[in-house]
Amino acid sequence: MRIILVDGKGRERELEAIEGWRVMEIIRDHGFPIVAECGGACACGTCQVEVDPQWAAKLHEPRGDELDMLDQNYGGEWSRLSCQLIMTPELDGLRVRLADVAIRKAA
Amino acid sequence: MTQEAISTDVVIIGAGPCGLFAVFELGLLDMKCHLVDILDKPGGQCAELYPEKPIYDIPALPVVSGHELTERLMEQAAPFSPEYHYNEMVEELEKLEDGRFRVKTDGGLVFEAKVVVIAAGGGSFQPKKPPIPGIDAYEGQSVFYSVKRMENFRNKKVLISGGGDSALDWTINLQPVAQSMQLIHRRDGFRAAPDSVNKMHALVEEGKMQFHLGQITALHGDNGQLTGVTAKGNDGSDYEIECDTLLPFFGLTMKLGPIANWGLNLHENLIPVDTGKFQSSEPGIFAIGDINTYPGKLKLILSGFHEAALMAQAAFKYANPDAKVTFQYTTSSTSLQKKLGVA
């Protein structure tokens, strides 16, 4: 099982994914500088990704609190919080791009 | 205006869970604390990011909300009469010749303290800026992230962006003052109080304001003065909105802020500390909670509590190099129980 991550510079990486893990955790545990400030509580919006439109329909609809966080973090049409996406076999090959707000930068 | 310095044992920067528990641990050692926080309330992330979210990993509290945890920590700290300074951001921190530290806030408060404890979490909360190219050039002149005086918006063509309470409240409050009022939000749902949303819809129906669905993609204007914006609708089409003032309300985020300028060693925006004293590269300046880093660090509230306890011992020894510290338990020590007001 894998996900395809497009980083801030447009580079594509294939990341080994584990069923039941959050996409945010997979990105973080591969050492990418994802902010994910609140640690996956759907409370900060800094793990935002843009989902490849072809995959969007396979995902569950965002809940109210996820929509709220996307509101506060300038989400677009295909934006989701990667902490709210749980890996399942159906999502094998999921392609996401890290949003600017999710990329940790130097002070 | 020169402010008289407040003299104290400890200044704690940040009134989140770790800062609050540090008051307790330092208090047991008779060290008096002043806490400074940029928010208007205690609790830090617990109060600002997830006041209603349940926390499950506080020892002995199987479930507790961020709000309740904050309340309980305040209660636990109360016997030591900490003094809280809200809506203040610490800007300057310098060491004095006598070994104490001078701490200055953006609001003009000055402290002189024997030790400083940085318990600032992810740094200071700041308004989130929307990622619109060139927005910096308009900030402070025609783009504002907060409303200090409503009069400043009289007869302005105001555009507000966002869907939360701040966005809706200011839409309703500024509408009678402004020449024109428009609100733009990415979807038809709002996280603001339903009553505010209803009021906004009523104003739209009465023709007193306009609501747009979409997201601002570009700003237009000259020399910092806005004349309009381009927005993208949900159908992908672009449209123009005329306005001379933009108020984006996208909540708060944490920035390291002035801590970067205090001459401390930093590693990826965190303060490296040792795991015996939780002291920074500057003796007498300690760092606990999410702001510090060390091998094996976990950003857990409970880790911050442990760090506060060990830090307090080290801070006491730093401030009182000749005093003998006798380690005591609150269960058995009458002197500690007196301090807690229970003996």
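The values are calculated or read from the model by the stated rules, or taken from the named source; none is laboratory data. Note that the structure is a prediction, hence the values are computed from the model and not measured. Backbone-built Cβ (ideal geometry, glycine too); neighbour counts: all protein chains shown. Side chains included, ligands, DNA and RNA excluded: accessible areas come from the protein's heavy atoms. Shrake-Rupley method; radii C 1.70, N 1.55, O 1.52, S 1.80 Å.
Is it true that some residue in the range B:22-36 is open to solvent by less than 50 Å² (accessible area, probe 1.4 Å), in contact with a Ser or Thr (Cβ under 8 Å, 6 or more places away or on another chain), under 25 Å from B:Gly251 (Cα atoms) and not in a helix (DSSP H, G or I)? Yes: the range B:22-36 contains one or more residues that are open to solvent by less than 50 Å² (accessible area, probe 1.4 Å), in contact with a Ser or Thr (Cβ under 8 Å, 6 or more places away or on another chain), under 25 Å from B:Gly251 (Cα atoms) and not in a helix (DSSP H, G or I).
Output the number of residues of the range B:109-133 satisfying the condition of being surrounded by fewer than 17 Cβ atoms within 10 Å (Cβ to Cβ) and modelled with pLDDT of 95 or more.
Initial filter on the range B:109-133 (surrounded by fewer than 17 Cβ atoms within 10 Å (Cβ to Cβ)): B:110, B:112, B:126-127, B:129, B:131, B:133.
Subset that is modelled with pLDDT of 95 or more: B:110, B:112.
The total comes to 2.
The residue that is farthest from the other protein chains (Cβ to nearest Cβ), counting only those in the range B:117-147 that are over 25 Å from A:Met69 (Cα atoms) and under 18 Å from the mean Cα position of the chain (by Cα), is B:Val117. Out of the residues in the range B:140-155 that are in contact with a helix residue (DSSP H, G or I) (Cβ under 9 Å, 6 or more places away or on another chain) and at pLDDT below 95, which is least open to solvent (accessible area, probe 1.4 Å)? Step by step, filter the range B:140-155, then rank; the result is B:Val147.
Within the range B:159-169, identify whether any single residue is under 25 Å from B:Leu252 (Cα atoms), surrounded by fewer than 22 Cβ atoms within 10 Å (Cβ to Cβ) and either modelled with pLDDT of 95 or more or among the basic types (Lys, Arg) (or both), and answer yes or no. Within the range B:159-169 (the criterion being under 25 Å from B:Leu252 (Cα atoms), surrounded by fewer than 22 Cβ atoms within 10 Å (Cβ to Cβ) and either modelled with pLDDT of 95 or more or among the basic types (Lys, Arg) (or both)), the answer is no, since none of the residues qualifies. If the condition is being in contact (Cβ under 8 Å) with a residue 24 or more places away in the chain, over 22 Å from B:Gln175 (Cα atoms) and more than 13 Å from every other protein chain (Cβ to nearest Cβ), then the range B:224-247 contributes B:Gly224, B:Tyr239. Sub-7 Å Cβ pairs linking a first residue in the range B:299-328 that is within 19 Å of B:Asp9 (Cα to Cα) to a second residue that is in a loop (DSSP other than H, G, I, E, B) and basic (Lys, Arg), at least 6 apart or interchain, are B:Leu310/B:Lys277; B:Met311/B:Lys277; B:Ala314/B:Lys277, ordered by first then second residue.
Please pick out the residue among B:Gly284, B:Gly263, B:Gly289 that is open to solvent by less than 30 Å² (accessible area, probe 1.4 Å) and over 28 Å from B:Gly66 (Cβ atoms). Please lay out each step first, then the result.
Values: B:Gly263 fails: open to solvent by less than 30 Å² (accessible area, probe 1.4 Å); B:Gly289 fails: over 28 Å from B:Gly66 (Cβ atoms).
Unique residue meeting the criteria: B:Gly284.
For B:Ala113, the test of being closer than 20 Å to B:Met31 by Cα, assigned to a loop (DSSP other than H, G, I, E, B) and of a type in the set (A, V, I, L, M) is failed. Against the numbered list (1) in contact with a helix residue (DSSP H, G or I) (Cβ under 7 Å, 6 or more places away or on another chain); (2) within 28 Å of A:Gly45 (Cα to Cα); (3) open to solvent by 20 Å² or more (accessible area, probe 1.4 Å), B:Gly221 comes up short only at (2). Checking each residue in the range A:73-88 for being surrounded by 22 or more Cβ atoms within 10 Å (Cβ to Cβ) and not in a strand (DSSP E or B) picks out A:Asn73, A:Tyr74, A:Gly75, A:Ser82, A:Cys83, A:Leu85. Can you pull out the residues in the range A:47-65 that are away from chain B (no Cβ under 11 Å) and not in a strand (DSSP E or B)? If the condition is that a residue be away from chain B (no Cβ under 11 Å) and not in a strand (DSSP E or B), then A:Cys47, A:Asp52, A:Pro53, A:Gln54, A:Trp55, A:Ala56, A:Ala57, A:Lys58, A:Leu59, A:His60, A:Glu61, A:Arg63 are the ones that fit. Being within 13 Å of chain A (Cβ to nearest Cβ), open to solvent by 60 Å² or more (accessible area, probe 1.4 Å) and within 20 Å of B:Pro17 (Cα to Cα) is true for just one of B:Leu298, B:Leu252. Which residue is that? Just a single option satisfies the conditions, and that option is B:Leu298. Scanning the range A:9-46 for residues that are in contact (Cβ under 8 Å) with a residue 12 or more places away in the chain, in a loop (DSSP other than H, G, I, E, B) and under 19 Å from A:Gly93 (Cα atoms) turns up A:Ala17, A:Ile18, A:Glu19, A:Gly20, A:Trp21, A:His30, A:Phe32.
For the range B:170-208, the set of residues classified as more than 14 Å from chain A (Cβ to nearest Cβ) and open to solvent by less than 10 Å² (accessible area, probe 1.4 Å) consists of B:Thr171, B:Leu174, B:Met181, B:Met200, listed by residue number.
The number of residues in the range B:308-342 that are more than 20 Å from B:Ser81 (Cβ to Cβ) and among the charged types (D, E, K, R) comes to 3. Return a yes/no flag: does the range B:77-94 have any residue that is closer than 27 Å to A:Gly39 by Cα, in a loop (DSSP other than H, G, I, E, B) and among the small types (Gly, Ala, Ser). No, the range B:77-94 contains no residue that is closer than 27 Å to A:Gly39 by Cα, in a loop (DSSP other than H, G, I, E, B) and among the small types (Gly, Ala, Ser). Against the definition (loosely packed, with under 14 Cβ neighbours inside 10 Å and touching a Lys or Arg at 6+ places or on another chain (Cβ under 8 Å)), how does B:Asp238 come out, yes or no? Judged against the criteria, B:Asp238 is a match. Here B:Phe125, B:Phe144 are screened, and the one residue that is in contact (Cβ under 8 Å) with a residue 40 or more places away in the chain and over 30 Å from B:Ala287 (Cβ atoms) is B:Phe144.
Would you confirm whether or not the range B:43-56 contains a residue that is outside any helix (DSSP H, G or I), surrounded by 15 or more Cβ atoms within 10 Å (Cβ to Cβ) and more than 17 Å from the chain's Cα centre (by Cα)?
As a first pass, look at the range B:43-56 and keep what is outside any helix (DSSP H, G or I): B:43-44, B:49-56.
Narrowing the set further to residues that are surrounded by 15 or more Cβ atoms within 10 Å (Cβ to Cβ) leaves B:43-44, B:49-51, B:53, B:55.
Okay, now just the ones that are also more than 17 Å from the chain's Cα centre (by Cα), so B:53, B:55.
Yes: one or more hits.
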